[in-house]
Amino acid sequence: MDGNVEDFTETARSKQAQNMPEMTKVECRNIDVFYGEKQAIFDISLDIPDRAVTAFIGPSGCGKSTFLRCINRMNDTIESARVTGQIFMDGADINDHSIDPVLLRSRVGMVFQKPNPFPKSIYDNIAYGPRIHGLASGKQELDEVVESALRKAGLWEEVKDRLLAPGTGLSGGQQQRLCIARAIAVSPEVILMDEPCSALDPIATARIEELIDELRERYCIVIVTHSMQQAARVSQKTAFFHLGKLVEYGDTERIFTNPEDSRTQDYITGRFG
Amino acid sequence: MNSPAPNPSEKGTFVTEAALKRLKKRHAAEMRFKLYGQVAIGIAVVALITLLVSIFGQASSAFSRNVLTFDTTLDAAQVDPTGARDPDEISRNVSGFNLLLQDNLADQFLPGVEDRARLRELYGLFTRLAVLPIARKTAERPDTIGSQQRFSVALADDIDLFLKGGVTERTSIKLGTVARISGSIETGVQMAFSSPDASDDITKAETRFQEASAADSAPTTLVSAGDTWFRLDTLADGSASLTFIAGEQALPAAGAQASALVLAQAQENRTVSDRQIAWTMLLKEEGRIKSTFNTSLFTHSDSTYPELAGAAAAIVGSLLTMLVTAMLAIPVGIFAAVYLEEFATKNRMTDLIEVNINNLAAVPSIVFGLLGAAVFINFLGMPRSVPLVGGLVLGLLVLPTVIIASRAALKSVPPSIRTAALGVGASPTQAVFHHVLPLAAPGILTGSIIGMARALGETAPLLLIGMVAFVAEVPSGPTDESTVLPVLIYKWSTGAERAWEPQTAAAIIVLLVFLVLMNLIAIILRRRFERRW
């Protein structure tokens, strides 16, 4: 089992080093998700590219969040949920028994709908991940990790003087950027964002969108959003979900200008959803 | 409804007659509800205040006590007849020390008197064991034997009670000075007083007591003149005929200060005799009887004499029992709650466990006592009356409370914290121990401490495992025989002497202080931890 785990991380590093453009980061094959008896996702297959933003859109309850949570196995934490099918990340099956969800989640970060910083200091919020994964040895290295994560999340200038203030004392937009920084701090390869702006005002939303655009250069980002404008603004690829099925997937520009499916057409023009 | 159309310019269309009526009704309902709440709180506050006032009122006399100081030479022949200077031997030689005290009193009040009954009356100012602390002190320092020492001893409970205003109702009357005196100590004394109202005052007081008491007990009047005490036999024409009872055996000189002490009951009907009262008053006048803070409540263990009884053994016993209880109930309770709430899969089995835990919390405590007696004592062969068994029984008793409180506290931690921790790659155990448990800690602590407070006040289960035994020694460990505060209170409250009453109230206060302290700790901990949220 140890050997497998090492393979898993080894492959990741070598592929990252090659820095191939338009490379597929996550391959999903025939994913079904059940909540108890009820099936929420029907046979979805999808390739998510590296160093790009992929947006999942669709009406409420269409399964886009559920599908997103498959990618870092967050559905494991829901007792009644059952996932079938295969998801490959850099060629390794993440649902394999040898892959511990803890290791997977250190490579696939997640940002949630509502900002959920730990009720601790800003510093501790960021430092928690690196600490438990042993990513920094010594105080100084940890300080550097924290600073770089906050810088990447565009929050450093705002909070550098009050790193020991509680993270819950920040504004909603700042809290969400703190959560993004927290996800970045464990140096993941994929960042999943589940409607990261739905609880924020337009200015904070714009700030997050800018940030997502910057992060795209380093990470594979998957974002679930209800806002079609947001999907159009930040993403390169868009997947449209409807009633648990993947209706259409392609380049964002094409989806929004020339959708193939009539349901996509109806949704993006605001006829339902 | 055919109400007249409202005038829109005045009230607006919303304010119809019917609407106003409904509004009035609603306001009335609101006011009523507020009133009910205030009445309920008022009743609770009044009940609490009554309880506290009555307990503190009763206990106030137990926190002070009257002691007699006496100087004596620690005569080796009496204190240590064997001459071995063995500390055990000396501390057990209560009669020797008692003789020292009795001689001291007899020399002062009854020199040369051989009458056994009279002497016993004098010695009745103290109980035999009153000298025990002196014996122990001397045993610790044998070098003091043979030297002059000053000691203080506790007065017998009845005398103490009398000095605190108990035993019988009384009035003191100033009679001015002795105006005329004739007769002799042996055959009776005739005395007149300078105060013109002397006879009137005494008669009035006697009549008042006579009327107040339904019993046929006649009031008694004691008269003191100078250092001599008399009993009043008859009072006629401003001249009192008196019988000598105690004090200096000489006629007081004319001009000596005189006063009367009218007692509601004759000595046959009280626990303190006229002479004892006279001796006590004389000693008090001399300044040898003083009221001091009753430290024996905290330094002595239980005794059959209320003036010597203390709660030390019970306090230590309670602390040891609580220690065992805490060590069992808190860790087991918290881990059970964490497992059930965070890790266990929800199925029929866990449902069953949950229902059973909730039911256990409602099981009467005496059932746990039976369980303790059957399992720990009979089956496992543990000793009876020890804090270890008491603590285990109480631990089982509060375990469901701790589990329920801890689960509620864990449930109140928002799930977003768990997903956040899992999202950065924490394992479920790390998520619980790094994030969820610290956030639930204030609730868990509060629940645990309230559970402990309940255990501290439990009596019934401990009676069944034998912690009601008379324990004269302060326990030194959880396997020593011991008792606990609530059981001690129960035992003291059944004591026959009047002096147990304030003693019981004092023990209740000690228990209440412990409970308040525990609740205070709960509040402080909650505040401290909550600040981090």
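Residues with beta-carbon under 14 Å from that of B:Ala496, excluding B:Ala496: net charge, scoring Lys, Arg +1 and Asp, Glu -1? Overall, the nearby charge balance is -2. Taking only the alpha carbons of the range B:17-57, we obtain Rg and Dmax values of 17.8, 59 Å in that order. Placing pseudo-labels 7 Å out from each Cα toward the beta carbon at A:Asp213 and A:Gln229 gives an inter-label distance of 1.5 nm.
The residues of the range B:168-270 expose on average 50 square angstrom of accessible surface per residue, using a 1.4 Å probe on protein heavy atoms. Association of chains B and A removes close to 1700 square angstrom of accessible area from solvent, both sides included, for a probe radius of 1.4 Å.
Overall, the ratio between the Cα radius of gyration of the range B:63-161 and 2.2 N^0.38 Å, rounded to two decimals, is 1.08. Across chain A, the volume of the C-alpha convex hull divided among the residues equals 128 Å³ per residue.
Evaluated over the Cα positions of the range B:188-327, the convex hull gives a direction-averaged projected area, one quarter of its surface, of 12.6 nm². Between the range B:114-173 and the range A:209-273, what is the C-alpha centre distance in whole Å? Each part reduced to its Cα centre gives a spacing of 97 Å.
Measuring r between the beta carbons of B:Ala19 and A:Lys114 and using R0 = 41 Å, the FRET efficiency lands at 0.50. Averaged over peptide B:425-434, the number of partner chain Cβ atoms lying within 10 Å of each residue's Cβ comes to 5.
Measuring r between the beta carbons of B:Thr50 and A:Leu135 and using R0 = 51 Å, the FRET efficiency lands at 0.20. Normalised by residue number, the volume inside the convex hull of the Cα atoms of the protein assembly as shown is 345 Å³ per residue.
With the convex hull drawn over the C-alpha atoms of chain B, the volume per residue is 325 Å³. Normalised by 2.2 N^0.38 Å, where N counts its residues, the alpha-carbon radius of gyration of the range B:312-529 equals 1.15. Defining a contact as two alpha carbons under 8 Å apart and six or more residues distant in sequence, what relative contact order in percent does chain B show? For chain B, the relative contact order is 15 percent.
With every protein chain present, what is the per residue accessible area of the range B:63-161 (1.4 Å probe, Å²)?
Here the per-residue accessible area is 48 Å².
Listed peptides A:242-251, B:308-317 appear in the order B:308-317, A:242-251 once ranked by packing, highest mean of other Cβ atoms within 10 Å at the front. Remark: mean inter-chain Cβ contacts per residue of B:415-422 equal 6, using a 10 Å Cβ-Cβ cutoff to other protein chain atoms. Using θ = phi - 60° in the Karplus curve 6.51 cos²θ - 1.76 cosθ + 1.60, the 3J(HN,Hα) couplings for the range B:78-88 round to 8, 6, 9, x, 7, x, 7, 6, 7, x, 4 Hz; x is entered for Gly and Pro. Among the listed pairs A:Lys114/A:Lys152; A:Lys38/A:Lys237; A:Lys25/B:Lys411; A:Lys139/A:Lys160; B:Lys164/B:Lys491; A:Lys160/A:Lys237, those whose Cα-Cα separation exceeds 26 Å are A:Lys38/A:Lys237; A:Lys25/B:Lys411; A:Lys160/A:Lys237. In terms of the mean number of neighbouring beta-carbon atoms within 10 Å, the peptides B:224-232, A:97-105 order highest first as B:224-232, A:97-105.
Express the accessible area of the range A:120-212 per residue in Å², computed with a 1.4 Å probe while the remaining protein chains stay in the model.
Here the per-residue accessible area is 39 Å².
Distance between the 7 Å Cα→Cβ label points at B:Asp71 and B:Phe293: 2.8 nm. Global dimensions of the range A:31-182 from alpha-carbon coordinates: Rg and Dmax equal 17.6, 52 Å. Summarising the label geometry, the points placed 7 Å from Cα in the beta-carbon direction at B:Arg26 and B:Thr479 lie 7.1 nm from one another. Listed by chain and number, the lysines whose C-alpha is less than 17 Å from the C-alpha of B:Lys204, apart from same-chain residues fewer than 8 away, are B:Lys174. Sorted on the mean count of surrounding Cβ atoms within 10 Å across their residues, most packed first, peptides A:113-124, A:182-193 read A:182-193, A:113-124.
Please find the FRET efficiency linking A:Thr257 to A:Ala206, where r is the Cβ-Cβ separation and R0 is fixed at 25 Å, and quote it to the nearest 0.05.
Approximately 0.60, to the nearest 0.05.
Here's the list of lysines a cross-link from B:Lys21 could span, going by alpha-carbon distance under 26 Å and ignoring same-chain residues fewer than 8 apart: B:Lys11, B:Lys34. Just so you know, the averaged projected area of the alpha carbon convex hull for the range B:168-270 sits at 6.0 nm². Computed on protein heavy atoms with a 1.4 Å probe, the accessible areas place B:Ile357, A:Ile203 in the order A:Ile203, B:Ile357, largest first. Taking every protein chain into account, the 1.4 Å probe leaves B:Leu464 with about 60 Å² of accessible area, to the nearest ten. Using a cutoff of 8 angstrom between alpha carbon atoms and counting only pairs six or more residues apart, the relative contact order for the range B:202-277 works out to 34 percent. Just so you know, the Cα atoms of the range B:453-508 work out to an Rg and Dmax of 11.8, 34 Å. I need the P(r) histogram for the range B:90-131: all alpha carbon pairs, bin width 5 Å from 0 out to the longest distance, whole percents. The percentages, shortest bin first, are 5, 24, 33, 21, 12, 5, 0. With just the Cα atoms defining each centre, how far is the range B:296-340 from the range A:22-91? Give it in Å. Cα centres, the range B:296-340 to the range A:22-91: 58 Å.
Within the shell of other residues whose beta carbon sits under 11 angstrom from the beta carbon of B:Gln102, the net charge comes to 0, with Lys and Arg scored +1 and Asp and Glu -1. Tell me the net charge near A:Asp93. Cut-off is 10 Å between Cβ atoms, A:Asp93 excluded, with +1 for each Lys or Arg and -1 for each Asp or Glu. That works out to -1. Screening chain B for whole DSSP H helices with an alpha carbon extent of at least 30 angstrom along the helix axis and a mean Kyte-Doolittle hydropathy of at least 1.6 yields B:312-338, B:387-411. Which longest uninterrupted range of chain B lacks any GluC sites (Glu not before Pro) assigned by DSSP to a loop state (not H, G, I, E or B) and surrounded by at most 16 other Cβ atoms within 10 Å? Excluding the exposed sites themselves, the longest stretch runs over B:249-472. Interface burial in the range A:113-128, defined as at least 20 Å² less accessible area with all protein chains than with the chain alone at a 1.4 Å probe, covers A:Asn116, A:Phe118, A:Pro119, A:Lys120, A:Tyr128.
The values are calculated or read from the model by the stated rules, or taken from the named source; none is laboratory data. Keep in mind that what you see is a predicted model, and the values were worked out from it rather than measured. We place every Cβ from the backbone using ideal geometry, glycine too, and count neighbours over all the protein chains shown. We work out accessible area using only protein heavy atoms, side chains counted, and drop any ligands, DNA or RNA first. Shrake-Rupley method; radii C 1.70, N 1.55, O 1.52, S 1.80 Å.
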